[in-house]
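Trainee: I'd like to ask you about the structure that follows.
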Amino acid sequence: MSSPEIASLSWGQMKVKGCSTTYKDCKVWPGGSRTWDWRETGTNHSPGVQPADLEEVVKKGVKTVVIGRGMSEALQVPPSTVDYLEKNGIDVLVLQTEKAVREYNALAAQGVRVGGVFHSTC
């Protein structure tokens, strides 16, 4: 199963190819996507993305995870989150969301088992 292309991104809205849902924040992995609901793990801009936010994506057998920190990079990514991914043998890229989506789509187009979490506002 391949990772779905992110078809569009604008402030507060993301669309994933093959999915009718418009997301504000989303998780993607080979074969699927869903809303990234920060309330599930108590995530806030600071301290930011927690390992718990990524567990679902990691379990899908990804080789690379791309984290989109938001349009203005307000979402933090603590070292413990990067360590969690690296300890699981997963490459991680932490980027401003527009750059993150471009990188994610490029990896997906190359057939890499890539997953991601993306914040589409601040």
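The values are calculated or read from the model by the stated rules, or taken from the named source; none is laboratory data. These numbers were taken from a predicted model, which means no experiment stands behind them. Note: ideal-geometry Cβ built from the backbone for every residue, glycine included; neighbour counts use all protein chains shown. Quick note on the areas: whole protein, heavy atoms, side chains included, nothing else; ligands and nucleic acids left out. Shrake-Rupley method; radii C 1.70, N 1.55, O 1.52, S 1.80 Å.
Trainee: Measure off, as a whole percent, the carbon and sulfur share of the 1.4 Å-probe accessible area of the chain, all protein chains present.
Mentor: 48 percent
Trainee: Another question about this same structure. Take peptides 35-42, 24-31 and line them up by average Cβ neighbours within 10 Å, highest first, as a rough protection proxy.
Mentor: Those peptides, ordered most packed to least, come out 24-31, 35-42.
Trainee: Between residue 74 and residue 106, what length comes free when the chain is fully extended (0.36 nm per residue of separation minus the Cα-Cα distance, one decimal in nm)?
Mentor: 9.1 nm
Trainee: Quick one: Karplus J couplings for the range 6-22, per residue in order, coefficients 6.51, -1.76, 1.60, θ = phi - 60°, nearest Hz, x for Gly and Pro?
Mentor: Per residue, the Karplus-derived 3J(HN,Hα) values read 7, 6, 7, 9, 8, 3, x, 9, 9, 10, 10, 4, x, 10, 7, 6, 9 Hz.
Trainee: Something else about it: Could you tell me how far the Cα centroid of the range 90-105 sits from the Cα centroid of the range 32-85, in Å?
Mentor: 12 Å
Trainee: What does the net charge come to around residue 27 if you take all other residues with beta carbon closer than 13 Å to its beta carbon, with K and R at +1 and D and E at -1?
Mentor: Local net charge: -2.
Trainee: Label residue 121 and residue 13 with points 7 Å out from Cα along Cα→Cβ: what is the distance between them in nm?
Mentor: The answer from the label model is 1.5 nm.
Trainee: Sticking with this one: Using only DSSP helix segments of four residues or longer, with each worth -39500 (n - 2.57), what per-residue ellipticity at 222 nm results for the chain after dividing by its residue count and rounding to 500?
Mentor: Per the formula, -7000 deg cm²/dmol.
Trainee: With a 1.4 Å probe and all protein chains left in place, how much accessible area per residue does the chain have, in Å²?
Mentor: 48 Å²
Trainee: I'm a student and want to see the number: the projected area of the Cα convex hull of the range 6-118, averaged over all directions, in nm².
Mentor: Value for the range 6-118: 6.2 nm².
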